[in-house]
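A short write-up of the structure that comes next.
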Amino acid sequence: MAIHQDAAAGDPSTGLKDNVVRALSTAGIAIAQLASGLNTAFLAVLVLLWLAVTAVTSLVGVGLLMVPAVLRALHSLAGQERERLGRRGPAVVAPEPPPTQLRAALVDPVTRRELRWLVRHATLGFLLGLLGVVLPISAVRDSAFPLYWKLMPTDTTASSVGIGHAHSWPDALAVALLGVGWIAIILGLAPGMARLQAGPGRRLLAAGPDTDLSLRVAELTATRAAALDAHATELRRIERSLHDGTQNRIVSVTVLLGAARRMVARDPAGADELLERAQSAAEQALSELRTVSRSILPPVLDDRGLAGALSGLAAECAVPCRVDVDVPERCAASVEATAYFVVAEALTNIAKHSAAGQAAVTVRARGGRLHLCVEDDGRGGADEDGGSGLTGIRHRIAAHDGALSLSSPPGGPTTLKVDLPCGS
């Protein structure tokens with residue numbers, strides 16, 4: 001078997017096949033990126049035209065009323081582009097929300113960078129996105145031309161570029177060669193075109209050096225304090241569990257074994273009863289010790305992964321719960337443990353307080369982030385300060401520099417959203 005594997009590893013055809021598959025996969029991803037960029041580029045064209053109209057009409061005073069609206073549209077579109085780039089690569093860190101008033105926007109560096117991105121994305125980005133859509137269509141149309149050229153009307157343009165006519169098989173094959181050329185262009189240039197389209201967004205829409213670093217320092221200080229507080233709280237919980245449960249059981253086992261040893265000679269039946277009680281207490285202590293160890297880092301995460309662990313939580317929940325997990329790769333163990341405990345606490349709160357008929361857990365890994373959402377159709381009104389465990393959840397998330405949002409209006413529904421970095 002080893003000899004067969006070595007021979008296969010040295011087979012040039014196998015390496016060539018792998019390279020072709022890799023090139024096709026890379027080109028396909030690049031085309032998808034260009035096509036998705038075309039959507040925001042089209043919106044960028046509209047916003048740029050709106051901005052131009054606003055600038056012209058502002059000369060007579062009318063356009064000044066539209067300035068806040070067009071600035072909000074600009075900031076919203078920039079946010080969409082950050083989300084798009086984050087789904088297809090490293091996350092683009094958003095700066096602080098920029099202003100929407102004209103005077104403040106004129107001196108705001110974030111707004112100026114967004115305007116520079118808008119111009120580039122509405123021109124070069126739109127052209128690259130259009131090519132990303134047209135090239136695959138042309139490649140398919142021309143390379144498959146010999147299959148249908150006889151069905152086309154006479155003197156119809158043969159190629160996708162609008163030139164030439166096919167009157168014979170050599171003409172049809174020439175068009176097919178053009179299609180092969182389009183495929184070669186896609187394989188060679190599409191990845192670079194995708195990077196060129198995304199480059200301005202990654203450079204200009206991310207939080208730049210002019211962002212107030214003191215805010216970030218204060219945020220990191222707060223998250224570090226929350227991490228230390230969560231750690232101390234967890235240690236106290238483990239200590240209470242061991243002291244009040246396992247330790248008392250072990251003391252009971254020791255006392256029972258001592259009493260049984262003294263009774264063996266004079267009362268064997270009584271000693272046997274004490275030994276049975278000691279065995280029962282030891283089994284309970286072992287069970288409690290396992291429970292404590294699972295609360296530190298559940299073994300089910302290692303055995304079944306995050307999807308299997310969350311499915312187990314949903315199966316044990318008193319409220320019918322649907323689980324949808326799309327995490328192609330494993331996250332850091334601490335992140336998976338945090339996601340597990342967040343869902344466990346959320347489902348416990350739903351079962352105890354929400355009077356819900358059903359719940360849903362959705363987990364997605366996109367752009368290096370783990371997005372988790374827990375929803376229920378209960379009565380709502382969840383309060384983070386009401387002793388429902390949400391404070392502990394927030395501290396766990398803050399320890400990873402993540403984010404939590406809660407929507408729970410009276411009457412429901414309740415939606416808990418968590419955002420965590422996958423690799424921390």
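The values are calculated or read from the model by the stated rules, or taken from the named source; none is laboratory data. Everything numeric in this text was worked out from a predicted model, so none of it was measured. Positions of Cβ are backbone-derived with ideal geometry, glycine not excepted, and every protein chain shown enters the neighbour counts. The area values use the complete protein model at the heavy-atom level, side chains included, leaving out ligands, DNA and RNA. Shrake-Rupley method; radii C 1.70, N 1.55, O 1.52, S 1.80 Å.
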All-but-one check, PRO95 against (1) open to solvent by less than 40 Å² (accessible area, probe 1.4 Å); (2) under 20 Å from GLY201 (Cα atoms); (3) part of a helix (DSSP H, G or I), failing number (3)
List every residue pair whose Cβ atoms lie under 6 Å apart, where the two residues are 6 or more positions apart in sequence or sit on different chains, the first residue falls within region 317-330 and is touching a residue at least 24 places away in the same chain (Cβ under 8 Å), and the second residue, located anywhere, is surrounded by 13 or more Cβ atoms within 10 Å (Cβ to Cβ) and in a loop (DSSP other than H, G, I, E, B).
VAL319/ALA356; PRO320/GLN358
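Okay, residues lined up against (1) polar (S, T, N, Q); (2) open to solvent by less than 60 Å² (accessible area, probe 1.4 Å); (3) touching a Cys at 6+ places or on another chain (Cβ under 9 Å); (4) at pLDDT 60 or above:
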| site | (1), (2), (3), (4) |
| --- | --- |
| LEU189 | no, no, no, yes |
| GLY192 | no, yes, no, yes |
| ALA198 | no, yes, no, yes |
| GLY201 | no, yes, no, yes |
| LEU213 | no, no, no, no |
| GLU219 | no, no, no, no |
| THR223 | yes, yes, no, no |
Number of the exception - LEU24 against (1) surrounded by fewer than 14 Cβ atoms within 10 Å (Cβ to Cβ); (2) free of Cβ contacts under 8 Å to residues at least 40 places away in the same chain; (3) part of a helix (DSSP H, G or I):
(2)
Pick from region 112-169 the residues that are among the polar types (S, T, N, Q) and within 24 Å of GLY37 (Cβ to Cβ): which of them is modelled with the lowest pLDDT?
SER160
Looking at region 395-424, which of the residues that are touching an Asp or Glu at 6+ places or on another chain (Cβ under 9 Å) and part of a loop (DSSP other than H, G, I, E, B) is farthest from ALA382 (Cα to Cα)?
SER424
Would you be able to say whether some residue in region 60-83 is open to solvent by 80 Å² or more (accessible area, probe 1.4 Å), without any contact (Cβ under 8 Å) to a residue 12 or more places away in the chain and under 29 Å from ASP326 (Cβ atoms)?
yes
Residue, nearest to GLY378 (Cα to Cα), within region 322-337, restricted to residues that are of a type in the set (A, V, I, L, M, F, W, C) and open to solvent by 30 Å² or more (accessible area, probe 1.4 Å)
VAL323
Every residue in region 273-286 that is surrounded by 13 or more Cβ atoms within 10 Å (Cβ to Cβ) and either without any contact (Cβ under 8 Å) to a residue 12 or more places away in the chain or of a type outside the set (Gly, Ala, Ser) (or both), please.
GLU273, LEU274, LEU275, ARG277, GLN279, SER280, GLN284, LEU286
Just one listed residue, out of VAL342, VAL361, is within 16 Å of ALA307 (Cβ to Cβ), open to solvent by less than 50 Å² (accessible area, probe 1.4 Å) and touching a residue at least 60 places away in the same chain (Cβ under 8 Å), and it is VAL342
ILE350, sole failed condition from (1) part of a helix (DSSP H, G or I); (2) touching a helix residue (DSSP H, G or I) at 6+ places or on another chain (Cβ under 9 Å); (3) buried (at least 17 other Cβ atoms within 10 Å of the Cβ)
(2)
Say we look at region 80-92 and pick out the residues that are part of a helix (DSSP H, G or I) and among the charged types (D, E, K, R); which of these is modelled with the highest pLDDT?
GLU81
In region 144-154, which residues are open to solvent by 50 Å² or more (accessible area, probe 1.4 Å) and not in a loop (DSSP other than H, G, I, E, B)?
LEU147, TYR148, LYS150, LEU151
Out of all the residues in region 304-318, is one or more part of a loop (DSSP other than H, G, I, E, B), at pLDDT 80 or above and of a type outside the set (Phe, Trp, Tyr)?
yes
